[in-house]
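Note sheet for the following structure.
The values are calculated or read from the model by the stated rules, or taken from the named source; none is laboratory data. Computed from a predicted model, the values in this text were never measured in an experiment. Backbone-built Cβ (ideal geometry, glycine too); neighbour counts: all protein chains shown. Side chains included, ligands, DNA and RNA excluded: accessible areas come from the protein's heavy atoms. Shrake-Rupley method; radii C 1.70, N 1.55, O 1.52, S 1.80 Å.
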Amino acid sequence: MITDKLSDLDSERWLLQSMFLLEEANDIASTMITINDFKDDRHRLVWKHQQRLHEKGKALDSLLLVASMK
């Protein structure tokens, strides 16, 4: 079960960071993970904005992510 894999904060951070490295990681994770799988509210916020950018077809980078969060 995916939720069990994200039960520690290191796993959550690893998943979020992987989105910056591989576009395919976002494609795969977005079909398996939901915002509710994250325990940390900060990670939920990052996930929400990463997914918005992904849905708009934008390549994920830190500048776009920060801008979308403002």
Given [x] 54; [y] 47; [z] 61, the label whose value is percent of Cα pairs over 15 Å apart derived from this model
[y]
When the helix-only estimate is applied to the chain (DSSP H runs of n ≥ 4, each -39,500 (n - 2.57), divided by the residue count), what is the mean residue ellipticity at 222 nm, nearest 500 deg cm²/dmol?
-21000 deg cm²/dmol
How much accessible surface does Lys58 have with a 1.4 Å probe, in Å² rounded to 10?
90
For Ser62 and Ser18, extending 7 Å from Cα along the Cα-Cβ vector and measuring point to point gives, in nm, a value of 2.1
Leaving ligands, DNA and RNA out of it, rank His54, His49 by accessible area with a 1.4 Å probe, largest first.
His54, His49
Taking K and R as +1 and D and E as -1, what net charge do the other residues with C-beta under 12 Å from the C-beta of Asp40 add up to?
-1
For Asp41, the accessible surface traced by a 1.4 Å probe with all protein chains present amounts, in square angstrom to the nearest 10, to 110
